[in-house]
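Undergrad: There's a structure below that I have some questions on.
Laboratory data are not the source of any read-out in this text; all were calculated from the coordinates shown. Note that the coordinates shown come from a computational prediction; the quantities given were computed from them, not determined experimentally. A quick note on method: Cβ atoms are made from the backbone with ideal geometry, for glycine too, and the neighbour counts reach across all protein chains shown.
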Amino acid sequence: MTRDTQKVDHEVIQARLRALFSEVLHAEVPSIETDLFETGILDSQKFVELLLHIEQTFNTTINIEDFEIENFRSIEKITTLIVQRMNANGVTELCKAGTLSNT
């Protein structure tokens, strides 16, 4: 995977996360760096819902060792975690149309 592909995928994942917060969790996140816990955007119930939607949307599993609050503090940090999980699962490309490619 090239650096450009990683950047595009990172941006696509951020956009999908923003849409997930807006459309599914009914929460507007001012920026990708907004602290989701301090602002009250994420509480324990929405956190569990978010995990479910992340796993479904990105076809990846969040492992127990990933359950650090810092990994979910902002959209930027969640994006980084998803990219790491997708790389660990062999997903090499996330297309804008929503398809995943493995090599």
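Undergrad: In what sequence do F47, F72 fall when counting other Cβ within 10 Å, fewest first?
TA: Working: F47 16, F72 20.
Neighbour counts put them in this order, fewest first: F47, F72.
Undergrad: Right, another one. Count the net charge of all other residues whose Cβ sits under 12 Å from the Cβ of N63, scoring Lys and Arg as +1 and Asp and Glu as -1.
TA: Working: positive: R85; negative: E55, E65, D66, E68.
Neighbour charge sum, excluding N63 itself: -3.
Undergrad: Simple spin-label model, 7 Å along Cα-to-Cβ: L51 to E65 in nm?
TA: About 1.7 nm, to one decimal.
Undergrad: Which GluC sites (Glu not before Pro) in the range 39-85 sit in a loop by DSSP (not H, G, I, E or B) and have at most 12 other Cβ atoms within 10 Å of their own Cβ? Show your work: numbers first, answer last.
TA: Working: sites: E49, E55, E65, E68, E70, E76; in loops: E68.
Passing both the DSSP loop test and the Cβ count: E68.
Undergrad: Another question about this same structure. What ranking do I78, I69 get, fewest neighbouring Cβ atoms within 10 angstrom at the top? Each step should come with its number before you reach the end.
TA: On the way: I78 23, I69 11.
Neighbour counts put them in this order, fewest first: I69, I78.
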